[in-house]
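J.: First, the structure itself, so that you have it in front of you.
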Amino acid sequence: MKGALKPDAAAAMVPQGASLMIGGFMAVGSPHRMIDALVERGVGGLTVIANDTAMPGKGIGKLISAGLVKRVIASHIGLNPETQAKMISGEIDVELVPQGTLIERIRAGGMGLGGVLTPTGLGTEVEEGKQVVEVQGKRFLVETPLKADFALVGAWQADYVGNLSYTLTAHNFNPIIALAGKTVIAEPESIVPVGVIPPDAVKTPGVLVDHLLLRTH
Amino acid sequence: MEAKKLIAKRVAQEIKPGMLVNLGIGLPSMVATFVSPSLGVFFQAENGVIGLAARPPEGMEDPHLTDAGGGFVSAVPGAASIDSAMSFGLIRGGHLDMTVLGGLQVDELGHLANWKVPGKMVPGMGGAMDLVTGAAKVVVAMQHAAKGESKILSRCTLPLTSARRVDLIVTDLAVLKPTDEGLVLQERAPGVSVDDVLAATQAKLIVPADVPEMQLV
């Protein structure tokens, strides 16, 4: 872990056209101050890999509204009419992936695996154009791994070496994307002395985290 | 009885003591209302909680504890918070005893379509494909017809959610069981005749000699 940054300094690291994995489920557990800083910076052409695009005015929905996103890989966009409208108009290219497949593709990317074999999607539109393999008499779709330039992680607590803990339903994609970003920026709700998060409660080891976002004062 | 309440009440009878159950958003989420706490059932919300419970009292909501629709919830003693990989591992891995999902269409093969209306509504499949593929028992809870059109068809015309045959379909008119031979009319709603059901159904139904009325105490 390299240290703590102000949100604008963290956003300044993100170039035009970068790919971002962003934690959160309907904006619960998303790195909100980081998203606000990206909107402020206004760098565009982004690829967003996340469970959903929240809704207008919340979480990832702010990046969509600001017109900064050209590609989305997500499981659900149903509660964000702007994402749907921009998909239909061709402004945003949207790849819809079953939620369990999406998280495993990210996990495969982060854990050095060549992909995922899953039964989900067999016999549906999701199968189109994909390889099907048989293992122990069962058929599976081959799904490819996902990685990104940045993982933007929303956490509960961080300590001075970057160890992270999460709370309740704010875990969601966060602990998994922390493995799959080339640069990992974590936004904790508080930063506490080493030892406050007991080793058994650490869900993302600090060795995975490049930068923390400074807490708000 | 109001249609949705009737459906939810009948579906609740499928839930047995100690089960792990995932309820979809909308009508299926009403099922929990009719399940006695004494059954020791755990409800899973796929965004990351096992042991979901009703919304807390006004002012007690925690923004980090929501259901898969983003609504505030609470949790029962013994609840666990999990990340998305664990959540879908439970679903896909055969650890989920039952899921209750809404439907746009179901057909004679027991195939469900509930995630896309091409050209009109493309919300994404979210967790639906994993749930239908992986849950030990899949129950579809929906109105029998929409705008006067039967939702139970010889073949689905909308994109399928899974190639897996669902286990039970509960509507405001009937309980239908998909089998190798086709859809069996198992029960009819109070005050509804077999002829009423047949007249409201586009699919071919197998009608046993005795079709009892739903017992809704």
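All of the numbers you see were taken from the coordinates with simple rules; none came from a lab. Keep in mind that what you see is a predicted model, and the values were worked out from it rather than measured. Positions of Cβ are generated from backbone atoms using ideal geometry, with glycine treated the same way; all protein chains shown enter the neighbour counts.
J.: Take the cross-link list A:62/A:147; A:2/A:62; B:120/B:151; A:62/A:182; B:4/B:204 and give me the ones stretching past 20 Å between alpha-carbons.
T.: Exceeds cut-off: A:62/A:147; A:2/A:62; A:62/A:182; B:4/B:204.
J.: Then there's this: May I ask you to order B:193-206, B:12-25 by the average number of other C-beta atoms within 10 Å around their residues, highest value first? Intermediate results must be reported in sequence, preceding the final value.
T.: Working: B:193-206: 15.4, B:12-25: 18.9.
Output ranking for B:193-206, B:12-25: B:12-25, B:193-206.
J.: Convert each backbone phi in region A:9-26 into a coupling constant with the Karplus relation 6.51 cos²θ - 1.76 cosθ + 1.60 (shift: θ = phi - 60°), then list the ³J(HN,Hα) values in order as whole Hz, x for Gly and Pro.
T.: Taking θ as phi minus 60°, the curve returns 5, 5, 5, 5, 6, 8, x, 3, x, 5, 9, 10, 8, 10, x, x, 9, 6 Hz for region A:9-26.
J.: If you take all C-alpha pairs in the protein assembly as shown, what percent of them are over 30 Å apart?
T.: The answer is 45 percent, as a whole percent.
J.: Work out from phi, with θ = phi - 60° and the Karplus expression 6.51 cos²θ - 1.76 cosθ + 1.60, the ³J(HN,Hα) of each residue of region B:13-21, listed in order in whole Hz, and give x for Gly and Pro.
T.: For region B:13-21, the Karplus-derived couplings read 5, 7, 8, 9, x, x, 6, 9, 10 Hz, x marking Gly and Pro.
J.: A further question follows. Could you list which residues have their amide H under 5 Å from that of residue B:68, counting only those 5 or more apart in sequence or on another chain, with H placed in the peptide plane?
T.: So residue B:68 has HN proximity to B:46, B:47.
J.: Tell me which lysines have Cα within less than 25 Å of residue A:138's Cα, excluding those fewer than 8 residues away on the same chain?
T.: Candidates past the 8-residue exclusion: A:130, B:137.
J.: Here's a follow-up. Going Cα to Cα from residue A:58, which aspartates and glutamates come in below 13 Å? Please leave out same-chain ones fewer than 8 positions away.
T.: Here the aspartates and glutamates satisfying the reach criterion relative to residue A:58 are A:36, A:82.
J.: Under 5 Å between amide hydrogens, which residues at least 5 positions from residue B:183 or on another chain qualify, with H placed 1.01 Å from N in the peptide plane?
T.: Amide H neighbours of residue B:183: B:206.
J.: Could I get the Rg over Rh figure for chain A? Both from C-alpha atoms, Rh via Kirkwood, rounded to two places.
T.: Reported Rg/Rh (Cα atoms, Kirkwood Rh): 0.99.
J.: Also, quick follow-up: Compute the long axis of helix B:3-12 from its Cα atoms, compare it with the longest principal axis of the Cα atoms of chain B, and write down the angle in degrees, 0 to 90, nearest 10.
T.: It works out to around 70 degrees.
J.: Above 27 Å lies some portion of the pair distances; for region B:68-217, what is it as a whole percent of all C-alpha pairs?
T.: Values: 3242 of 11175 pairs.
Above the 27 Å cut-off, region B:68-217 has 29 percent of its Cα pairs.
J.: Mind listing P(r) for region A:105-217? All alpha-carbon pairs, 10 Å bins, whole percents.
T.: 14, 36, 25, 17, 8, 0
J.: What does the charge count near residue B:70 come to, summing +1 for each Lys or Arg and -1 for each Asp or Glu among other residues with Cβ under 14 Å from its Cβ?
T.: Result for the neighbourhood of residue B:70: -3.
J.: Sticking with this structure for a sec: Between the helical axis of A:99-110 and the dominant principal axis of chain A, each derived from Cα atoms, what acute angle in degrees is found, rounded to the nearest 10?
T.: Roughly 60 degrees between the two axes.
J.: Here is a further query. Return the Rg/Rh value of region A:46-128, two decimal places, where both radii are evaluated on C-alpha atoms and Rh is the Kirkwood radius.
T.: Details: Rg = 13.6 Å, Rh = 13.5 Å.
A ratio of 1.01.
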